[in-house]
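Take a look at the structure set out below.
The values are calculated or read from the model by the stated rules, or taken from the named source; none is laboratory data. None of these values were measured; they are calculated from a predicted model. Positions of Cβ are backbone-derived with ideal geometry, glycine not excepted, and every protein chain shown enters the neighbour counts. These accessible areas exclude ligands, DNA and RNA; they are computed on the full protein's heavy atoms, side chains included. Shrake-Rupley method; radii C 1.70, N 1.55, O 1.52, S 1.80 Å.
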Amino acid sequence: MNINPKDRINTIQAAVIVSNFILGSGILTLSRATAEKAGTPDVWISVLIGGLIAIAAGVVMATLNKSYPEQTVYQYNRIIVGRWFGGFIGLLFVCYFCMTAAYQVRTLTEVTGLFLLEGTPPWASVMVFMWVSLYLMVGGINPIARLFELILPVTIIIYLLVTLMGLRILDPNNLRPVLGQGIMPVLAGLKATVFSFTGLEVILILTAFMKHPNKSVKAVVYGIVMPMGIYLITAVMAIGVLSVDGVVTRTWPTLDLVRSFELTGLIFERFESLLLVIWIMQIYSTFTIAIYAASLGLSQLFNVKIQKCMYALLPIVFIIWAIPKNINELSAFGDFIGNISLYLFGIVPIVLLLLSKWKKGSTEETDEAES
Amino acid sequence: MIEVNNNLMVNLTLIREQMVYHSDVTIREFLIGNSGVAAAIVFANCLADRELIDLHILKALMSVQGDGTPITKSFVTNQVLSVSQITEVVSVEEMMPKVLSGSTALIIDGFTEAIIIGTIKNKTRNIEEPISEALVRGPRVGFNESLTDNAAILRRHGENASLALVSMHIGSRAKKELVIAYMKDIADPNLVDEVRKRIGKIEMDNVPESGYIEQLIEDNYLSPFPQVQSTERPDRVISALMEGRVAILLDGTPFALIAPVTFSMLLQSPEDYYERWMAGTLLRLLRFFAALVALLTPAMYISFISFHPGLIPTKLALSIIGSRVGVPFSSLVEALIMEVAIEILREAGLRLPKPIGPAMGIVGGLIIGEAAVQAGIVSPILVIVVAVTAISSFAIPQYNAGISLRMLRFVAMFCAAAFGLYGVVLFILMLCAHIVKLKSFGVPYASPAVPYRLNDWKDFFVRMPLFMMKSRPEMLHTKNKKRKRL
């Protein structure tokens with residue numbers, strides 16, 4: 001009903017959107033969050049396992065979607081669990097997306113305030129950011145997908161270039177011993193790494209726009225493998241260069257990783273500006289798709305035009321943005337969102353999937369009984 | 001409506017009444033051969049081909065040796081007038097516009113029709129090399145102001161029965177001919193229909209140049225980017241047609257329009273294909289780089305100087321800041337002064353008569369470069385920045401694409417002045433968001449970059465060897481996909 005039949009995206013575009021949504025959140029903080037919990041150099045194993053869990057969750061969501069092609073989660077969960085409860089879950093999703101968007105953009109203001117814009121009032125930078133994002137998302141899912149396709153290769157190339165330059169000062173000893181304290185620290189770090197993969201839930205609404213909805217599993221797997229590779233490299237480089245202790249004590253270890261080496265003789269000697277540039281782009285994409293997902297939910301729940309929802313949501317997100325008072329509250333807020341996402345997208349899709357299978361099974365049974 | 005009377009004298013009086021307003025119309029009365037029937041021709045002095053009139057109309061009619069049977073219309077048109085174009089009209093109102101556009105009207109006593117004879121003589125410029133799109137290698141042929149010549153140039157390109165030249169008329173008061181050119185078995189019929197529909201919708205009493213059409217058929221009038229390409233080069237038009245695009249030629253202008261346009265086309269030059277592929281590829285990459293430089297260098301200068309001197313190498317930062325010590329302005333004002341000066345210089349250079357041009361360059365370069373630095377208005381490093389920017393923007397092969405970049409450069413500078421590098425990133429995001437939303441005749445402006453069309457990437461940043469470019473651009477949804485076979 002809210003879907004323009006021409007507004008379709010292909011499988012690659014769906015994968016790119018998933019990747020972009022995931023990448024924004026984890027690049028800068030993943031290695032610290034994990035190292036804090038794990039305390040050993042085995043962060044990269046946590047990332048690997050976390051990625052696999054994310055893929056599993058993604059496959060569950062994509063399979064769930066397959067049974068309801070052309071519909072988003074906001075529409076079909078009302079079919080599965082009933083109008084009111086389904087609507088309630090839909091609203092929770094909307095809230096979650098809003099909070100994610102606010103959290104991401106707050107992280108952005110913290111980092112840019114620290115490294116790029118010391119004197120500028122944060123509300124000014126955030127408002128402009130939101131307007132630029134609004135300009136893109138009123139165009140619908142197709143321009144969003146196309147812009148993400150532009151951003152992603154640039155991100156990957158620059159990111160690899162910048163981080164891999166640190167190979168010269170990588171100390172393999174920092175990465176040893178592998179599994180020195182057994183598997184338990186790895187599992188302890190798991191929660192943090194799984195958080196870094198939040199964003200894959202966007203597949204729940206993306207499938208409705210796909211030209212080939214039955215390829216949504218493929219899209220989500222590709223979409224997760226990409227950031228997984230990036231995260232692995234980040235974890236290995238950050239721990240290898242800065243050591244576990246070094247990573248834990250730094251707020252933004254990836255930035256410090258890039259700051260820790262200089263190449264003389266080039267125009268840039270230091271590359272954190274490049275890293276910041278691509279990171280802003282990633283946050284932009286995460287923010288845009290999160291607000292888009294939230295607005296789509298509102299518009300489908302209450303039958304209003306999606307553009308109106310976007311205009312309405314921006315001020316709300318702005319208020320949420322302003323709530324955390326300092327960086328500690330911000331990270332607490334981040335943990336809170338992570339926990340919610342665990343329940344909302346770890347458990348709810350499985351329950352929905354089981355329910356829908358059971359429902360289908362029972363209808364088939366009754367069909368058989370009738371025939 | 002005044003109908004053509006069968007009495008010649010009545011007709012001529014009617015026409016003479018009209019001639020008060022048309023001083024260039026001449027009436028020549030004569031008798032047809034030995035039959036004694038009175039006749040007259042009406043033609044416009046400067047527009048009609050006098051030689052044709054003298055030889056094939058007057059001489060033919062005057063030397064008719066009749067056998068006494070009355071002169072009939074079919075006799076005149078079929079046996080006397082040896083001219084290829086002949087039509088008949090019945091009213092004076094229909095006759096006058098034809099006469100005023102160069103045809104000759106033949107009125108014979110006793111006939112109720114006037115015979116219109118095609119004697120239009122076009123005075124056209126010779127075919128010259130296009131000034132605005134110079135090439136080192138490639139045909140030295142450019143369009144001129146005559147539609148017939150231009151159509152002929154396209155036809156002459158090669159024996160090709162599928163080249164369709166569909167004629168339309170445009171302008172309600174000053175009616176002009178316009179030709180839509182496309183390849184019948186290549187171009188997407190939907191595209192052709194769309195072009196025709198948009199042109200049909202134009203309501204203007206006068207269309208002086210193809211730029212009018214461009215502005216009236218483009219998708220988004222608020223966009224800074226040209227959504228229709230204009231060119232003087234026939235080879236460019238031909239290769240666009242072969243890719244499945246549509247060209248629009250208007251009478252009276254050497255600029256043909258090509259649609260749809262994608263962003264990558266603005267940075268391509270026909271030479272990329274004429275030179276070997278390595279040179280073509282490298283030059284094309286160079287142009288992309290130049291476009292980036294032309295767009296962003298002053299903005300980067302402002303953001304690094306005003307916001308993040310810490311992000312550039314320390315020595316460089318020190319030398320830049322050292323050279324700016326005496327400058328009383330902020331970096332934005334400083335950069336604006338120089339950029340505006342350069343833009344004025346460039347605009348002035350365009351309008352100047354050719355012999356004065358170089359003098360202008362010397363004066364401008366000397367005063368603005370040397371003196372401004374010595375007076376301490378700007379820093380020497382900014383002069384370098386501005387010069388690099390200007391040179392890079394000259395490397396853009398299309399004039400109108402260059403203008404887009406020039407406009408956007410100023411926007412980028414203001415963004416940088418407000419938010420530094422963050423502002424520049426937001427500017428880039430905004431620009432990209434605009435480009436991905438923009439469409440030119442249904443084709444996404446950002447294609448083939450996005451959505452990914454790997455096959456079209458052979459002719460995007462790089463220009464692959466010709467034997468590899470087997471298919472036409474996918475984004476144009478052509479009827480015939482392969483270049484090799486008909």
Review point. Against the longest principal axis of chain B, how steep is helix B:399-437, in degrees 0 to 90 to the nearest 10, with axes from Cα atoms?
Key: 20 degrees
Practice item. Multiply the residue separation of residue B:347 and residue B:360 by 0.36 nm, subtract the distance between their alpha-carbon atoms, and state the gained length in nm to one decimal. Key: 3.6 nm
Point to revise | Residues of region B:305-343 buried by at least 40 Å² on assembly (accessible area, 1.4 Å probe, chain alone as reference) | key: B:311, B:313
Check your understanding: For chain A, with only Lys/Arg (+1) and Asp/Glu (-1) charged at the beta-carbon, what is the dipole magnitude about the Cα centre, in debye rounded to 20?
Key -> 540 debye
Exercise for review: Assign one of three labels to region B:273-443, namely rounded, prolate or oblate, based on the Cα gyration tensor with a ≥ b ≥ c the square roots of its eigenvalues; rounded applies when a/c is under 1.5, prolate when it is not and a/b is larger than b/c, and oblate otherwise.
Suggested key: oblate
Check your understanding: Any idea what diffusion coefficient region B:403-449 gets from Stokes-Einstein, in µm²/s, Kirkwood Rh on alpha carbon pairs, 20 °C, 1.002 mPa s?
Key -> 186 µm²/s
Exercise for review: With a/c under 1.5 counting as rounded, go ahead and sort region B:362-450 into rounded, prolate or oblate using the C-alpha gyration tensor (a ≥ b ≥ c being the square roots of the eigenvalues; past the cut-off, prolate if a/b is larger than b/c, else oblate).
Suggested key: oblate
Exercise for review: Give the calculated FRET efficiency between residue B:184 and residue B:122 to the nearest 0.05, with a Förster radius of 30 Å applied to their Cβ-Cβ distance.
Suggested key: 0.65
Study note, to complete from the structure: Averaged over all viewing directions, the convex hull of the alpha carbons in chain A casts a projected area in nm² of 19.7 nm²
Practice item. DSSP loop (so not H, G, I, E, B), at most 12 other Cβ within 10 Å: list which trypsin sites (Lys or Arg not before Pro) in region A:205-262 pass both filters. Key: A:211
Check your understanding: Just by accessible area at a 1.4 angstrom probe, what is the order of B:149, B:67, B:235, B:193 from largest to smallest?
Key -> B:67, B:193, B:149, B:235
Review point. Between residue A:95 and residue A:161, 0.36 nm times their residue separation minus their Cα-Cα distance comes to what?
Key: 20.1 nm
Exercise for review: Please give the per residue accessible area of region A:158-250, computed with a probe of 1.4 Å over protein heavy atoms only, in Å².
Suggested key: 40 Å²
Revision key, fill the gap. From most to least accessible, 1.4 Å probe, no ligand or DNA/RNA atoms counted, A:254, B:87 line up as B:87, A:254
**Study point:** Buried area at the A-B interface (accessible, heavy atoms, 1.4 Å probe, summed, Å²)
**Key:** 2900 Å²
Point to revise | Size of electric dipole in region B:170-266: Cβ of Lys, Arg +1 and of Asp, Glu -1, about Cα centre, debye, nearest 20 | key: 160 debye
Check your understanding: Dipole of chain B (Lys/Arg Cβ +1, Asp/Glu Cβ -1, origin at the Cα centre): which of B:326, B:363, B:345 lies farthest to the positive side?
Key -> B:326
Practice item. Please name whichever of B:4, B:69, B:39 sits farthest to the positive end of the charge dipole of region B:1-99, dipole taken about the Cα centre and charges placed at Cβ: Lys and Arg +1, Asp and Glu -1. Key: B:69
Review point. Taking only protein heavy atoms and a 1.4 Å probe, what accessible area per residue, in Å², does chain B have with all protein chains in place?
Key: 48 Å²
**Study point:** Area of residue B:432 that stays accessible when all protein chains are in place (1.4 Å probe, Å², to 10)
**Key:** 40 Å²
Study note, to complete from the structure: Per the 1/(1 + (r/R0)^6) rule, R0 = 22 Å and r from the Cβ atoms of residue B:375 and residue B:411, FRET efficiency to 0.05 is 0.15
Point to revise | Helical contribution to [θ] at 222 nm, DSSP H n ≥ 4, -39,500 (n - 2.57), averaged over chain B, rounded to 500 | key: -12500 deg cm²/dmol
Review point. In region A:22-42, which residues have a backbone nitrogen under 18 Å from the label point lying 7 Å from residue A:327's Cα in the Cα-to-Cβ direction?
Key: A:25-37
Practice item. At 7 Å along the Cα-to-beta-carbon direction for both residue B:79 and residue B:202, put a label point, then send me their distance in nm to one decimal. Key: 4.7 nm
Practice item. Could you size up the charge dipole of the protein assembly as shown around its Cα centre, putting +1 on the beta carbon of Lys and Arg and -1 on that of Asp and Glu, and report it in debye to the nearest 20? Key: 1700 debye
Check your understanding: Rg and Dmax of the protein assembly as shown, Cα atoms, in Å?
Key -> 35.4, 126
Review point. On the accessible surface of region A:172-227, probed at 1.4 Å, how many percent belong to carbon and sulfur atoms?
Key: 64 percent
**Study point:** Partners for residue B:73 among aspartates and glutamates (Cα-Cα distance below 14 Å; same-chain residues under 8 apart left out)
**Key:** B:88, B:109, B:113
Review point. Heavy-atom accessible area per residue, region A:1-152, 1.4 Å probe: how many Å²?
Key: 32 Å²
Practice item. Could you state how much accessible area residue B:271 has, in square angstrom rounded to the nearest 10, with a 1.4 Å probe and all protein chains kept in place? Key: 40 Å²
Point to revise | Inter-probe distance in nm under a simple model that places probes 7 Å from Cα toward Cβ, at residue B:282 and residue B:464 | key: 2.2 nm
Study note, to complete from the structure: Taking the dipole of chain B about the Cα centre (Lys, Arg +1; Asp, Glu -1; charges at Cβ), the one of B:430, B:103, B:466 that reaches farthest to the positive side is B:466
Practice item. Calculate, in nm to one decimal, what residue B:51 and residue B:23 gain on full extension: separation in residues at 0.36 nm each, minus their alpha carbon distance. Key: 8.0 nm
Review point. What is the spin-label model distance, in nm, from residue A:312 to residue B:65 if the labels are put 7 Å beyond Cα along the C-beta direction?
Key: 9.7 nm
**Study point:** Percent of Cα pairs exceeding the 25 Å cut-off, where the set is region B:127-258
**Key:** 21 percent
**Study point:** Shielded by partner chains, region B:435-464 residues - at least 30 Å² of accessible area, 1.4 Å probe, vs chain alone
**Key:** B:436, B:437, B:450, B:451, B:452
Check your understanding: Per Stokes-Einstein, at 4 °C and 1.567 mPa s, what whole-number D in µm² s⁻¹ belongs to region B:8-117, with the Kirkwood radius over Cα pairs as the hydrodynamic radius?
Key -> 93 µm²/s
Study note, to complete from the structure: Hits in region A:77-92: amide N under 19 Å from the 7 Å Cα→Cβ extension of residue A:302, namely A:78, A:83-92
Check your understanding: What's the carbon and sulfur percent of chain B's accessible surface, probe 1.4 angstrom, rounded to a whole number?
Key -> 61 percent
Check your understanding: Computed FRET efficiency, Cβ-Cβ of residue A:183 and residue B:177, R0 56 Å: what is it to the nearest 0.05?
Key -> 0.10
Point to revise | Cα pair distances of chain B binned at 10 Å [whole percent] | key: 4, 15, 21, 19, 16, 12, 8, 4, 2, 1, 0
